[in-house]
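Take a look at the structure set out below.
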Amino acid sequence: MNNKHRIFYFLFFTFYLVGCLPAPYYQKEVPVPQNAWTYAYKPKFNIDITDTTAAYQPYFLIQHTQAYPYNNLWMWIYIKAPGDSTVRKERVNIPLAEATGKWLGRGMGEIWEQRLAVDLGDSVRFNRKGTYEISLEQNMRINPLPEVLHVGWRMEKKEARH
């Protein structure tokens, strides 16, 4: 597939998802260099939290080809809260396909796009105003991880916490 087709599919999916999903509090996607996610490539997302009474649902965004060789993605998520000098580290398993091999998410042609809720447990709360730094590191056995086109982070604001 040439780059013009990949760009078309990326724009199509982006506009399609924007029309179907609630407006995010934050969303950013970045291209993966050479469509192969190396251990060294750790995209960073800076999220400004201004409302500490709200609950936030984080999502991992991924766009991959149907030639992606696995049905999941192990990943490290690094979270640095405003004013902290330490970084919290969470390892998560992201399912990308059913046991039968059928891809989850939306696909068109050879490109698949998914938005998956991430459970960060009780170790991460967005209780302080300021900029949170989130970075992602692929943690699969293969380096580089092929057929990954874009990755991203999304935050949806939920109702106020009590």
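Return yes or no: is residue 141 of a type in the set (Lys, Arg) and under 16 Å from the mean Cα position of the chain (by Cα)? Talk me through it step by step, then tell me what you get.
Working: of a type in the set (Lys, Arg): yes; under 16 Å from the mean Cα position of the chain (by Cα): no.
No.
Pick out the one residue from 135, 85 that is among the polar types (S, T, N, Q), part of a loop (DSSP other than H, G, I, E, B) and more than 22 Å from residue 158 (Cβ to Cβ).
Numbers: 135 fails: part of a loop (DSSP other than H, G, I, E, B).
Going through 135, 85 in turn, the sole match is 85.
Here is a list: 39, 68. Which entry is at pLDDT 95 or above, crowded, with 18+ Cβ neighbours inside 10 Å and not in a strand (DSSP E or B)?
Details: 39 fails: crowded, with 18+ Cβ neighbours inside 10 Å.
Answer to the check: 68.
If a residue has to be outside any strand (DSSP E or B) and at positive phi to count, how many in the stretch 106-132 make the cut? Show your work before the answer.
Applying the first criterion (outside any strand (DSSP E or B)) to the stretch 106-132 yields 109-110, 118-129.
Remaining after also requiring at positive phi: 109, 121.
Counting residues in the stretch 106-132 that are outside any strand (DSSP E or B) and at positive phi gives 2.
Residue 74 is checked against (1) under 16 Å from the mean Cα position of the chain (by Cα); (2) part of a loop (DSSP other than H, G, I, E, B) and fails just one. What number does that condition carry?
(2)
On the basis of being more than 22 Å from residue 23 (Cα to Cα), modelled with pLDDT under 95 and part of a strand (DSSP E or B), does residue 90 make the cut?
Values: more than 22 Å from residue 23 (Cα to Cα): yes; modelled with pLDDT under 95: yes; part of a strand (DSSP E or B): yes.
Spelling it out, residue 90 is indeed more than 22 Å from residue 23 (Cα to Cα), modelled with pLDDT under 95 and part of a strand (DSSP E or B).
I'd like the full set of residues that are crowded, with 18+ Cβ neighbours inside 10 Å and either more than 19 Å from residue 59 (Cα to Cα) or touching a Leu at 6+ places or on another chain (Cβ under 8 Å) (or both), limited to the stretch 117-143.
Passing the criteria: only 138.
The values are calculated or read from the model by the stated rules, or taken from the named source; none is laboratory data. If you're wondering where the values come from, they're calculated on a predicted model, not measured in any experiment. Note: ideal-geometry Cβ built from the backbone for every residue, glycine included; neighbour counts use all protein chains shown.
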